[in-house]
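Everything on this sheet refers to the single structure shown next.
The values are calculated or read from the model by the stated rules, or taken from the named source; none is laboratory data. Predicted, not measured: the structure shown is a model, and the values here were computed from it. Positions of Cβ are backbone-derived with ideal geometry, glycine not excepted, and every protein chain shown enters the neighbour counts. Please note that ligands, DNA and RNA were not included when accessible areas were found on the heavy atoms of the full protein model with its side chains. Shrake-Rupley method; radii C 1.70, N 1.55, O 1.52, S 1.80 Å.
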Amino acid sequence: MGLDVRVIAETEFPAWLMAVRRGFLQSSTEGLEPEAAMRLARTDITRLQGAFDDGRCVATFRSFAQELTVPGGARVAADAISAVTVAPTHRRRGLLSRMMATDLAAAKERGEVAATLIAAEYPIYGRFGFGPATSFTEWEVDLTRAGLDPHEPLDAVLDGGRIDLVEGEDVRKLGPEIHARLAARQHGVVDRPEGWWDRHAGIGVPPLDKWTEPFYALYRSASGEPEGLVTYRTDDNWDDRKQPRDTATVSQLIAAGPAVERALWRYVCSIDWITTVRTGYRAPDDLLPQLLPDPRAARVVTQADWLWLRVLDTPRLLASRTYGQEASLVLDVRDPAGLAGGVFRLDASPRGAECVPDTRSADLTLDVRDVASVFLGDESVERLLALGRIEENRPGAAALADGTFRTARRPWCPDMF
């Protein structure tokens with residue numbers, strides 16, 4: 001029988017979920033039924049695709065509605081892609097290509113201006129028009145070398161506010177408000193659905209997730225407003241001299257502004273018994289290293305690409321953000337898939353932008369993947385030119401575009417999806 005690629009039926013969801021587990025090299029049957037019931041209640045089944053061979057699910061694909069913050073603070077509708085797997089027995093048969101083409105066409109029809117994903121492997125998604133749009137850095141901080149004064153009272157950095165240890169139900173209630181304030185100021189942030197906050201608070205955790213209750217610390221302003229939240233877990237490690245050598249591993253630290261962010265980092269670095277802090281995945285220009293008297297105490301342990309972007313509507317996406325300077329650029333965007341290509345004039349400014357089709361000669365010619373990489377301001381147009389990925393048709397156009405697209409702070413996506 002031939003391979004059947006289609007939207008799955010509700011009755012096929014457990015088999016689809018089993019295929020997802022196998023694709024990510026997890027146990028395929030342990031706790032499957034309760035997890036399937038829990039996930040199905042929160043899943044739009046119409047956006048789940050599967051490939052079936054003689055009734056057996058051998059490939060999976062999921063998408064869902066998402067909002068992405070762009071430079072300037074606007075939020076755009078995106079098609080978030082996840083749970084992409086192909087069984088090792090069915091590789092190189094075009095299954096992912098078929099599912100991706102179906103999903104991206106549907107997303108464009110719905111009016112979503114971009115698609116997003118977190119790439120497990122780098123080489124896969126460029127051929128579908130995706131480009132890396134954000135990256136992350138994770139640091140390990142040796143607090144014994146950081147130079148912080150252990151006797152400094154925490155009040156000195158709280159700016160009249162306070163930090164309290166709270167419970168999961170407090171996080172579930174107040175976390176979304178804090179995250180919304182972060183999303184209003186930080187480009188690259190994606191929205192968090194209700195299920196994200198439930199799991200973060202320990203509600204409805206899938207059976208295979210190894211969840212242990214973390215510590216939650218909440219920052220409130222002098223007026224009592226919740227403005228920051230840090231979640232972390234600790235180990236229990238004592239050396240042979242009966243000295244504590246514990247590590248605090250941060251899973252999230254979100255703040256309404258830099259003053260709150262500084263206060264939360266200072267709190268984490270001042271916890272008794274903690275000698276090492278793992279920061280989790282942060283923006284490459286995170287404040288933490290330079291908050292330390294000795295920034296060399298913060299050692300980079302991981303650095304990689306993170307959020308990938310695929311343009312679906314070039315004029316609407318480019319017009320959604322603000323830019324670093326006044327500029328007019330004609331861009332020839334090449335898209336082999338035919339979803340977002342064309343010649344467009346971008347009239348950009350710090351106040352907003354207009355982008356429309358144009359018939360003039362292009363200043364720059366670039367692939368849709370490279371539009372995705374420069375859109376949030378993280379990649380350099382000049383660097384892509386040096387790599388031979390962008391063609392400069394008018395002298396100086398790359399430098400003009402670089403100053404236009406780049407942002408003062410780097411984009412950051414705190415979440416996996």
With every protein chain left in place, what is the accessible area per residue of region 129-222 in square angstrom, probe 1.4 Å? 49
Only Lys, Arg, Asp and Glu count, each charged at its Cβ (+1, +1, -1, -1), so figure out the dipole size of region 286-417 about its Cα centre, rounded to 20 debye. 220
With Kirkwood's inverse mean 1/r over C-alpha pairs for Rh, give me the Rg to Rh ratio of region 156-293, two decimals please. 0.97
Under 16 Å from a point placed 7 Å out from the Cα of residue 152 along the Cα-to-Cβ direction: which residues of region 293-328 have their backbone N that close? 293-298
Toy charge model, Lys and Arg Cβ at +1, Asp and Glu Cβ at -1: the chain dipole around Cα centroid in debye, rounded to 20, equals 840
Select from 328, 32, 223 the residue farthest towards the positive end of the dipole of the chain; place +1 on Cβ of Lys and Arg, -1 on Cβ of Asp and Glu, and compute about the Cα centre. 328
Long-range alpha-carbon pairs in region 39-160, meaning those over 21 Å apart, account in percent for 56
When DSSP assigns beta bridges and you keep just the ones with both residues in region 1-132, what percent turn out antiparallel, to the nearest 5? 90
For residue 302, which sequence-distant residues (separation of 5 or more, or a different chain) have an amide H within less than 5 Å of its own amide H, given hydrogens modelled in the peptide plane? 138
The chain: most fluctuating residue of 378, 159, 402 per GNM, C-alpha cutoff 10 Å: 159
Provide the convex hull volume over Cα atoms per residue for region 235-373, in Å³. 166
Provide the convex hull volume over Cα atoms per residue for region 203-262, in Å³. 132
Cβ-derived FRET efficiency at R0 30 Å, residue 65 paired with residue 93, nearest 0.05: 0.55
Three semi-axes of the equivalent ellipsoid, region 83-149, Cα gyration tensor, whole Å, largest first: 37, 18, 9
Normalise the Debye intensity by I(0) for the chain, one equal point scatterer per Cα, no solvent, then take log10 at q = 0.11 Å⁻¹ and round to two decimals. -0.93
For region 1-79, with only Lys/Arg (+1) and Asp/Glu (-1) charged at the beta-carbon, what is the dipole magnitude about the Cα centre, in debye rounded to 20? 240
Any chance you could check the Cα centroid distance between region 291-318 and region 113-154 for me, in angstrom? 6
Part-to-part distance (alpha-carbon centres) for region 215-275 and region 356-417, which is given in Å: 37
Quick one: what do you get for region 19-83 if you divide its Cα Rg by 2.2 N^0.38 Å? 1.41
Ignoring any ligand, DNA or RNA, what whole percent of the accessible area of the chain comes from carbon and sulfur when the probe is 1.4 angstrom? 49
Before rounding to the nearest 500, sum -39500 (n - 2.57) across all DSSP H runs of length at least 4 in the chain and divide by the residue total; then give [θ] at 222 nm in deg cm²/dmol. -7000 deg cm²/dmol
With a 1.4 Å probe and all protein chains kept in place, how much accessible area does residue 163 have, in Å² rounded to the nearest 10? 30
Taking only Cα atoms of region 180-225, the Rg to Rh ratio with Kirkwood Rh works out at 1.06
For region 195-205, what does the Karplus curve 6.51 cos²θ - 1.76 cosθ + 1.60, with θ = phi - 60°, yield as ³J(HN,Hα) per residue in whole Hz, taken in order and with x for Gly and Pro? x, 4, 5, 4, 5, 5, 8, x, 9, x, 6
Alpha-carbon radius of gyration plus Dmax, which is the widest Cα pair, for region 360-417 in Å: 12.4, 41
Apply the Karplus curve 6.51 cos²θ - 1.76 cosθ + 1.60, θ = phi - 60°, to the phi angles in region 128-133 and return the couplings in whole Hz, x for Gly and Pro. 9, x, 7, x, x, 10
